[in-house]
Amino acid sequence: MIEVRELTKRYGDALAVDRLSFRVEPGHVTGFLGPNGAGKSTTMRVLLGLDVPTAGQALINGRPYTSMRRPLHEVGALLDAGAVHGGRTALDHLRWLARSNGIDRRRVTELLERVGLAGVARKRIGGFSLGMRQRLGIAAALLGDPGVLLLDEPVNGLDPDGVRWIRELLRSLAAEGRTILLSSHLMSEMELTAERIVIVGRGRLIADTTVRELAARYQRGVLVRSSREAELAGVLTAAGASVTAAPEGGLTVSGLDAVAIGELAAGHGIPVHEVRTRTASLEETYMELTAGDVEYGAGRRAEAVR
Amino acid sequence: MSDALAAEWIKLRTVRSTPVILAVVLALCGAALLLVVYFVVTYDSLPPEGRARSALSPMGPLVEMVASLAMAVLGMLAITSEHATGMIRATYAAIPDRRRVLAAKAAVVGAVALVTGQVTVLGTAALEKLIVAGRPIRGQSAQSIAEQLPHILAMGLMVAVFALFGLGLGAILRSTPGALSTLAGLWYVLPIVVNNLPEPWHEWVGSVLPGALAGQLAGTGNPNSVYGSSLPPAAALAVMAAYAVVPLAVAVHLDRRRDT
């Protein structure tokens, strides 16, 4: 389990994380979402004891990372796949990591197989593509078979096959009961992988919810088309719904779901041509939530905020 | 601690810079010995008054200087290359106790440098002795290798001190160019400056420069050099320890509050 409590991190004048609190429970993938500069990577660095928090706490399994003696058995992390010594081979890189936490050498070979790098194990990392480095980073994160995984933008630079591979891997790791925090600035990625979602903007918490709840919260009524719209509007209003004319034609109904609308219309013998529940896509919802928090927004948006 | 030591040992062995630096040191030892061979051949062809005029300094201190600089670079790179690539984050994620990381690096780098220093200084001095083969060349010691051994061992030790100094400097500055220029200043520029200081400053400052310590530790002093000889052996040893330990201690202190 991951627990961030009232975490604040300041770099000089810049406030990167501002009293952020959230928890990540085991058993599913939790998305950590926010625009660039929202404080996702900073939070992860503080969780791993790499950066010192200005205030607040970041705990993994109830204690600070820096108190762990062989942390790779508890926590696996992929922060920046490029942060490796290019002159070392993939095998040697994983060997020193394994050795630093008393992990058996066979585990290294096993993971190189699992991430599909067995064939290039003795090649220098400097010649690897970004996708291969991501795979190496995943192997490094999994070395100690940890119960908690922190992954910062792991699908960056991967081809579609690689993206699918990571998604399936993460889902299977979560199904084994692990705690997984996966950061991304792309909502579309989260829709496919994550169950819960923590959204941050400018270092502050914007939402801590499930993907399903988020979709439901931003549901935008039901669109109904009929040849007798005025009559139908009367019936629906009488049943307690609020009805407005939709800009694209037809009626926007809120307060009643599609089933109830269909039943009412049938009961009154009113023909219905279309009944469609309108949901904002998660991507739209996310853009809306974070619109004010984009660090370097386009000019138009910046004007609107002012 | 043994985990950290083993991990740092793998790291040091698996980067190209390590064999390259060791090869450079060996090549320079070879070049020094070639110089001795060339001198001896010329010496033998000279008339007696020519022989009396020519002189050859011993190669041990030269090799000590070269090996010291090379091992200091080795120590420096052991930490600055990790900062440059960002790999230091993987290191601290694997071993969150930064003192343990630095101690392991110091042990590994120090051991490699100690062996390198002893082997190259002793080897060069012994081969030089063989090549000179008892010729009464001015500048060359009349003492046997056994008699010179304290000075030779002290020079080899100084190579390890320099390696730890480089590691400490790298850990403080976290940047290869920064640490390298500081090192070069101390190793090369400072002795020139000291050479031009008036007495008694010349003698005092000249006695605590890295190059002055091995001679003072062995009790032979530093005749015919820019260095002073005012420290007794115990004080020279203490100054050597300070060069090795103080930068590392400063780095440990700074790293308690520094981000990576």
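The values are calculated or read from the model by the stated rules, or taken from the named source; none is laboratory data. Computed from a predicted structure; not experimentally measured. Ideal geometry is used to build each Cβ from the backbone, glycine not excepted, and the neighbour counts take in all protein chains shown.
When segment A:37-51 is limited to residues that are in a loop (DSSP other than H, G, I, E, B) and more than 10 Å from every other protein chain (Cβ to nearest Cβ), the one that is farthest from A:Val198 (Cα to Cα) turns out to be A:Gly37.
For B:Leu114, state whether it is within 14 Å of another protein chain (Cβ to nearest Cβ), in a helix (DSSP H, G or I) and of a type in the set (A, V, I, L, M, F, W, C). Taking the combined requirement at face value, the residue does not satisfy it. Within the bounds of segment B:231-241, is there any residue that is farther than 30 Å from B:Ala93 by Cα, touching a His at 6+ places or on another chain (Cβ under 8 Å) and surrounded by 15 or more Cβ atoms within 10 Å (Cβ to Cβ)? No, there is no match, as no residue in segment B:231-241 is farther than 30 Å from B:Ala93 by Cα, touching a His at 6+ places or on another chain (Cβ under 8 Å) and surrounded by 15 or more Cβ atoms within 10 Å (Cβ to Cβ). In the set (1) surrounded by fewer than 18 Cβ atoms within 10 Å (Cβ to Cβ); (2) part of a loop (DSSP other than H, G, I, E, B), the condition left unmet by A:Leu59 is number (2).
Assess whether B:Leu217 counts as being of a type outside the set (Gly, Ala, Ser), farther than 20 Å from B:Leu69 by Cβ, in a helix (DSSP H, G or I) and modelled with pLDDT of 90 or more. Here the answer is no, as B:Leu217 does not meet what is asked. Figure legend. Inter-residue proximity from segment B:238-259: first residues within 24 Å of A:Thr43 (Cα to Cα) and within 14 Å of chain A (Cβ to nearest Cβ), second residues of a type in the set (Lys, Arg) and in a helix (DSSP H, G or I), beta-carbon distance below 7 Å, spacing 6+ or different chains. Indicated pairs: B:Asp255/B:Arg98.
Inside segment A:150-188, can you point out the residues that are among the acidic types (Asp, Glu), touching a helix residue (DSSP H, G or I) at 6+ places or on another chain (Cβ under 8 Å) and outside any strand (DSSP E or B)?
Our first condition is that a residue be among the acidic types (Asp, Glu); within segment A:150-188, this holds for A:152-153, A:159, A:161, A:168, A:176.
Those still in the list that are touching a helix residue (DSSP H, G or I) at 6+ places or on another chain (Cβ under 8 Å) too: A:152, A:159.
A:Asp159, the sole residue that qualifies.
Residues in segment B:57-95 that are under 23 Å from A:Gly144 (Cα atoms), surrounded by 20 or more Cβ atoms within 10 Å (Cβ to Cβ) and not hydroxyl-bearing (Ser, Thr, Tyr): B:Glu82, B:Met87, B:Ile88, B:Arg89, B:Ala90, B:Ala93, B:Ala94, B:Ile95.
Of everything in segment B:148-201, what is of a type in the set (Gly, Ala, Ser), surrounded by fewer than 19 Cβ atoms within 10 Å (Cβ to Cβ) and assigned to a helix (DSSP H, G or I)? Give them in sequence order. Full working, then the answer.
First, the residues of segment B:148-201 that are of a type in the set (Gly, Ala, Ser): B:154, B:156, B:160, B:163, B:166, B:168, B:170-171, B:175, B:178-179, B:181, B:184-185.
This time we only want the ones that are surrounded by fewer than 19 Cβ atoms within 10 Å (Cβ to Cβ), so: B:175, B:178, B:181, B:184-185.
B:Gly178, B:Ser181, B:Ala184, B:Gly185, listed by residue number.
Of all residues in segment A:246-266, those that are assigned by TED's automatic domain parsing to the domain that holds A:Val224 have Cβ atoms under 7 Å from Cβ atoms of residues that are part of a loop (DSSP other than H, G, I, E, B), 6 or more apart or on another chain, in A:Thr252/A:Ala246; A:Val253/A:Ala241; A:Ser254/A:Ala241; A:Gly255/A:Gly240; A:Gly255/A:Ala241; A:Leu256/A:Ala239; A:Leu256/A:Ala241; A:Leu264/A:Ala239. For segment A:75-91, does any single residue satisfy the condition of being part of a helix (DSSP H, G or I) and within 15 Å of B:Ala93 (Cβ to Cβ)? The answer is no, given that none of the residues of segment A:75-91 is part of a helix (DSSP H, G or I) and within 15 Å of B:Ala93 (Cβ to Cβ).
Checking A:Gly126, A:Gly131, A:Gly119 one by one, the residue that is without any contact (Cβ under 8 Å) to a residue 12 or more places away in the chain, part of a helix (DSSP H, G or I) and farther than 19 Å from A:Arg171 by Cα is A:Gly119 and no other. Would you check if A:Leu78 is more than 9 Å from every other protein chain (Cβ to nearest Cβ), within 20 Å of B:Ala7 (Cβ to Cβ) and in contact with a Pro (Cβ under 7 Å, 6 or more places away or on another chain)? Judged against the criteria, A:Leu78 is a match.
At least 3 residues being within 22 Å of B:Gly117 (Cβ to Cβ) and within 14 Å of chain A (Cβ to nearest Cβ) is the threshold, and among the helices (runs of 4 or more DSSP H) wholly inside segment B:10-100 those reaching it are B:17-44, B:60-85. When segment B:205-228 is filtered for residues that are of a type in the set (Gly, Ala, Ser), in contact with a helix residue (DSSP H, G or I) (Cβ under 6 Å, 6 or more places away or on another chain) and surrounded by fewer than 20 Cβ atoms within 10 Å (Cβ to Cβ), the ones remaining, listed by number, are B:Ala218, B:Gly219, B:Gly221.
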